[in-house]
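See below for the structure under consideration.
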Amino acid sequence: LNCLLLVLPIFLFVALEILSTNVTGQNSKDIDSMKKRLSLLKEPQQMMLVSAQLGRNYELTDLDSAAYFYQQALSFAQELDDPNLVAEYHLNLGRVETKRSNVELAEKHCAETIRFSKESKNDSLNIVGNLLLAKIKIAGSRFPEVLPLLEPTLEKAIQLNDSLLIADCYDAMGSYYYFSDVPQSVDYFIRSLRIQEKYGENERLLTKIINIGSLYGRINRNEKAVEYYLKAVGIAERTGFEYTKSTIFNN
């Protein structure tokens, strides 16, 4: 049960890092300063950018505020008639609404991401929008709807030759097969891991290794599970993500 609680949330959000700008620990003075700046701005593009930054700064701490400022950014992008930015802010809102468990609204934002990314010919954004939509369906156990989304999305990522997007597609395939074919799920996660290893030790690599350990534990390959968990402990210590160690040791 612990493995299940650990793995599923990671599966759901692992692909979203690509278009989610890193959220740094902004203190309240920084946020207040940005809000004051926003109140003084008149030009829509600058207002959009500051609103989006506020959304990013709030995303890990206050989802209601994140949704509010991303919605402002989306409104400015629509005013500027920029389909690429409209797609990006719909994606941000889809991610936030997924975290808030507003599934229907999250799916609507995903659909708009896909629609506007096609209009702007942004294949990377289109792939991430489809991945988020697929993961929402996986989380909702709507499995028959998943492969028709994932298979062409993986093909598009391969055509684009974007290794990180390919890895994220493999993660999504791994989460899809988690309940029906664990060896297949492990295979996809290991494919993703091999790609991520080329980019050094970071939180994404740590997440993938923990997932694989959990999967091996599920099929009672305990020596392999321990092997991957110990790898995860080492990476957590070397990269400063020691807050994960208690969960790893519990598993």
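Some points to look at:
- Given (1) in a helix (DSSP H, G or I); (2) free of Cβ contacts under 8 Å to residues at least 12 places away in the same chain, number of the condition G200 does not satisfy: (1)
Here is a yes/no grid of residues against (1) within 27 Å of A225 (Cα to Cα); (2) crowded, with 24+ Cβ neighbours inside 10 Å; (3) modelled with pLDDT of 95 or more:
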site	(1), (2), (3)
D123	no, no, yes
K137	no, no, yes
R142	no, no, yes
P148	no, no, yes
E155	no, no, yes
L160	no, no, yes
D181	yes, no, no
S192	yes, yes, yes
Y199	yes, no, no
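- Flag for S175 being small (G, A, S), buried (at least 16 other Cβ atoms within 10 Å of the Cβ) and touching a helix residue (DSSP H, G or I) at 6+ places or on another chain (Cβ under 9 Å): yes
- Residues of segment 214-251 satisfying the condition of being open to solvent by 90 Å² or more (accessible area, probe 1.4 Å) and touching an Asp or Glu at 6+ places or on another chain (Cβ under 9 Å): R238
- The set of residues in segment 203-251 being among the hydrophobic types (A, V, I, L, M, F, W, C) and in a loop (DSSP other than H, G, I, E, B) consists of I219, F241.
- Looking across segment 62-101, just one residue is under 17 Å from K118 (Cβ atoms), open to solvent by 60 Å² or more (accessible area, probe 1.4 Å) and assigned to a loop (DSSP other than H, G, I, E, B), and that is D81.
- Subset of segment 157-186 that is among the polar types (S, T, N, Q) and out of contact with any Asp or Glu (no Cβ under 9 Å at 6 or more places or on another chain) - its residue that is nearest to P144 (Cα to Cα): S180
The values are calculated or read from the model by the stated rules, or taken from the named source; none is laboratory data. These numbers come from a predicted model, not from an experiment. A quick note on method: Cβ atoms are made from the backbone with ideal geometry, for glycine too, and the neighbour counts reach across all protein chains shown. For the accessible areas, the whole protein counts, side chains as well, though only heavy atoms, and no ligand, DNA or RNA atoms are used. Shrake-Rupley method; radii C 1.70, N 1.55, O 1.52, S 1.80 Å.
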